[in-house]
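Below is one structure; the comments refer to it alone.
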Amino acid sequence: MNMYNKRKKDSCSDFTAMSSNEQFLYGPLLWIGSSLGIIFAILFYIPYPLSIILAIASFILLNFYFRKKVIKRVNTRFGNASRYPSSSLSYSCINCGTEHNEFACPKCGSKMKRADFKF
């Protein structure tokens, strides 16, 4: 009886892993299916020279749309990186410790620097 329960528990863990894989593949499959459906509809219903141009344009526009959706989802999930302005980043020289935002240190001329993040 223990072997049966253990086997059943393992199969449930495999099911949850498969479910997360399905969630991972849902976005790209949705993009592929919708773009192919729209492109085939354009190619089927619109005459030849115009259909190719519209199919390419719709593919590019759909690509931008779904990319914008993914970027929006990533920014809301992990936080927006644009919240921190670039002025909060400064560099300090490793040799003398002078704080600057130039390529080389204005005091000693060293090109070695470390980033200081100020929040």
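No lab work stands behind these numbers, since they all come straight from the coordinates. Please read these numbers as outputs of a predicted model, since none were measured by experiment.
Please report the spacing between the Cα centers of segment 89-108 and segment 25-54 in Å, no decimals. Cα centroid to Cα centroid, the span is 54 Å. Close amide H partners of residue 98, meaning residues 5 or more places away or on another chain with modelled amide H under 5 Å apart, are 93. Applying the Karplus relation 6.51 cos²θ - 1.76 cosθ + 1.60 with θ = phi - 60° to segment 35-43 yields 3J(HN,Hα) values of 5, 5, x, 5, 5, 5, 5, 5, 5 Hz, where x marks Gly and Pro.
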